[in-house]
Amino acid sequence: MDRDGEDRRSDNDEDGTPTIKIKKPRLDVGHSHWIREEFAHHQLGIARINNGSFGSCPGSVLAAQRAWQLRFLRQPDDFYFKTLPDGILKSRTLIKDLINADHVDEVSLVDNATTAAAIVLQQIGRAFSQGSFCKNDVVVMFHCAFQAIKKSIQAYVVRSGGTVLEIQLPFPVHSRQQIISEFRRGLERAKANGGTVRLAIIDHITSMPSFVIPVRELVQICRDEGVDQVFVDAAHAMGTVPVDVKHLGVDLYVTNLHKWFFCPPSVAVFYCRKSALSSQVHHPVVTQEYGNGLPLESSWIGTRDYSSQLVVPSALEFVKRFEGGLEGIMKRNHDGVVQMGKMLADSWGTILGSPPNMCSSMIMVGLPSRLCINSDDDASRLRSHLRVHCGVEVPTYYHHASPGEGEEQLQDTSPRDKDGFITGYARISYQVYNTVEDYHKFRDAINQLVEDGKVCKFLSAE
Ligand SMILES: Cc1ncc(COP(=O)(O)O)c(C=O)c1O
């Protein structure tokens with residue numbers, strides 16, 4: 001028995017697969033109480049409304065992870081030859097069902113979305129450098145694709161002679177149709193010089209600014225327009241929106257489990273449809289498993305800690321303790337973030353960056369224009385100030401006019417509050433551990449800055 005009264009045992013299932021069993025704490029002490037206990041390791045006094053950046057992991061899953069780590073250290077050889085492959089297969093099998101893949105061979109566990117991007121883009125880069133693709137052939141992505149994805153394109157595709165086209169998306173965004181129209185226009189531009197679109201990279205939920213992309217519709221457009229492959233960067237999807245790879249019709253899809261699915265850092269699911277060149281994708285770290293298929297290549301990338309991949313069953317157990325399981329969590333988090341977003345926008349006299357049906361468990365909220373957020377630096381200074389002086393952890397965003405956009409156009413189209421243009425936004429997250437007080441703390445901190453006449457340029461982050 002542990003200090004906190006939980007009974008932890010490691011065991012084998014009837015089929016011989018290893019499991020780490022954590023006896024559930026009693027639920028009759030109240031819903032919020034047991035959730036607070038699960039996240040008792042979070043620093044006290046911080047309104048943590050940024051689950052989106054790094055996720056969170058409950059104590060029971062961390063305990064299961066520790067048990068796996070000890071199991072490895074107790075008998076490494078047995079672990080390597082039997083426990084590890086069986087355990088990873090078990091995690092992949094659970095995930096296969098969760099994402100509705102046809103076969104477990106389509107499911108690999110990798111470190112994170114960044115690693116999956118490297119796998120996809122190295123494959124594309126090789127095709128350019130080996131002459132299978134020609135110079136006019138194009139990779140398309142959104143202008144707000146995650147920086148690591150953009151840099152990977154530079155490193156692997158552009159350096160090998162490939163062409164990249166960025167599709168600009170509107171913000172604030174008002175409808176799914178706006179995204180669909182911009183995407184169509186982008187594909188037309190990509191094909192204008194006779195090239196083939198070899199890869200479309202589509203975010204499921206963009207990072208910053210954040211909103212949900214109509215992936216299924218965009219994938220269908222790609223099929224109609226003869227795009228070779230579609231890779232969906234769904235870093236935030238699992239645990240915030242339904243993930244059904246067959247329904248979405250994607251070729252390649254990555255979703256982190258450490259952001260919104262309660263796994264510890266770091267583990268991501270990388271789905272690679274069997275028919276979609278799966279034999280040509282390789283893990284960037286080459287080991288003796290090279291050539292044995294991506295799932296096996298990914299399951300051994302040298303000696304290291306694999307416990308985050310092994311605790312998937314424990315994370316699923318945790319999810320099942322909530323009413324409605326994963327769907328229940330997603331719905332409550334979505335409803336919570338919309339309600340809190342509206343409360344903040346009302347208090348500050350600003351707007352939401354997207355309609356509620358285009359947000360998952362994160363939403364963009366306009367910040368008062370009197371804070372004078374006029375650059376990325378201003379937005380970063382505000383973020384640091386909130387962390388250091390106000391105990392609020394929330395990412396901030398400066399939204400500048402598009403290049404070439406004139407002052408007049410800005411006046412016509414940009415949202416305003418009573419004092420001027422809204423050029424700054426906060427991305428708030430809602431996860432099971434959050435309480436209304438977290439958002440009230442943020443609201444009051446911003447109202448205080450405005451009342452004190454503070455502008456971001458002069459905020460101290462020390
Ligand atoms: C849209 C998007 N893609 C990729 C990533 C990278 O995720 P990771 O750091 O887990 O690789 C993030 C991280 O926030 C993201 O928001």
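Could you look through region 178-218, keep only residues that are among the small types (G, A, S) and in contact (Cβ under 8 Å) with a residue 40 or more places away in the chain, and pick out the one that is farthest from M330 (Cα to Cα)?
G194
Annotation note: Cβ proximity below 8 Å between a residue of region 38-54 that is within 26 Å of I205 (Cα to Cα) and touching a residue at least 24 places away in the same chain (Cβ under 8 Å) and a residue that is within 11 Å of the ligand (Cβ to nearest atom) and of a type in the set (K, R) (sequence gap 6+ or interchain) occurs for N50/R427; N51/K259; G52/K259; G52/R427; F54/K259. Would you confirm, using the coordinates I've provided, whether S32 is among the hydroxyl-bearing types (S, T, Y) and either within 16 Å of the ligand (Cβ to nearest atom) or closer than 30 Å to E106 by Cα (or both)? Criteria not met by S32.
What is the residue count in region 56-93 for residues that are small (G, A, S) and within 16 Å of the ligand (Cβ to nearest atom)? Break it down into steps so the answer makes sense when it comes.
From region 56-93, those small (G, A, S) are 56, 59-60, 63-64, 67, 87, 91; that's our starting set.
This time we only want the ones that are within 16 Å of the ligand (Cβ to nearest atom), so: 56.
Qualifying residue count, region 56-93: 1.
Every condition in (1) part of a loop (DSSP other than H, G, I, E, B); (2) more than 11 Å from the ligand (Cβ to nearest atom); (3) buried (at least 24 other Cβ atoms within 10 Å of the Cβ) is met by G194 except one, and the failing one is (3).
Annotation note: of E327, E323, E317, the sole residue that is part of a loop (DSSP other than H, G, I, E, B), surrounded by fewer than 23 Cβ atoms within 10 Å (Cβ to Cβ) and of a type in the set (D, E) is E323.
For region 226-239, the criterion of being outside any loop (DSSP other than H, G, I, E, B), of a type outside the set (D, E) and away from the ligand (no atom under 13 Å from the Cβ) is satisfied by at least one residue.
One residue stands out among those in region 433-459 that are touching a Ser or Thr at 6+ places or on another chain (Cβ under 9 Å) and in a loop (DSSP other than H, G, I, E, B): the one that is modelled with the lowest pLDDT, which is L459. Of all residues in region 249-259, those satisfying the criterion of being crowded, with 24+ Cβ neighbours inside 10 Å and within 11 Å of the ligand (Cβ to nearest atom) are V254, T255, N256, L257, K259. Restricting attention to region 261-292 and to residues that are without any contact (Cβ under 8 Å) to a residue 60 or more places away in the chain and of a type in the set (G, A, S), the residue that is surrounded by the most Cβ atoms within 10 Å (Cβ to Cβ) turns out to be A276.
Take I205 and tell me if it is among the aliphatic types (A, V, I, L, M), touching a helix residue (DSSP H, G or I) at 6+ places or on another chain (Cβ under 8 Å), in the same structural domain as I167 (by TED's automatic domain parsing) and modelled with pLDDT of 95 or more. Criteria not met by I205. Scanning region 197-211 for residues that are surrounded by 23 or more Cβ atoms within 10 Å (Cβ to Cβ), within 15 Å of the ligand (Cβ to nearest atom) and not small (G, A, S) returns I201, I202, D203, H204, I205, T206, F211. Does any residue of region 281-290 turn out to be closer than 30 Å to I180 by Cα and either assigned by TED's automatic domain parsing to the domain that holds V104 or assigned to a loop (DSSP other than H, G, I, E, B) (or both)? Scanning region 281-290 turns up at least one residue that is closer than 30 Å to I180 by Cα and either assigned by TED's automatic domain parsing to the domain that holds V104 or assigned to a loop (DSSP other than H, G, I, E, B) (or both). Considering region 94-142, the residues that are within 13 Å of the ligand (Cβ to nearest atom) and in a loop (DSSP other than H, G, I, E, B) include one that is surrounded by the most Cβ atoms within 10 Å (Cβ to Cβ), namely D111. Residues in region 371-382 that are buried (at least 19 other Cβ atoms within 10 Å of the Cβ) and over 17 Å from S460 (Cβ atoms): none.
Being more than 16 Å from the ligand (Cβ to nearest atom), free of Cβ contacts under 8 Å to residues at least 40 places away in the same chain and among the hydroxyl-bearing types (S, T, Y): is that true of S175 here? The answer is no for S175. Residues of region 74-85 that are farther than 18 Å from I301 by Cβ and in a helix (DSSP H, G or I): R74, D77, D78, K82.
The values are calculated or read from the model by the stated rules, or taken from the named source; none is laboratory data. Predicted, not measured: the structure shown is a model, and the values here were computed from it. Glycine also receives a Cβ, built like all others from the backbone with ideal geometry; neighbour counts cover every protein chain displayed.
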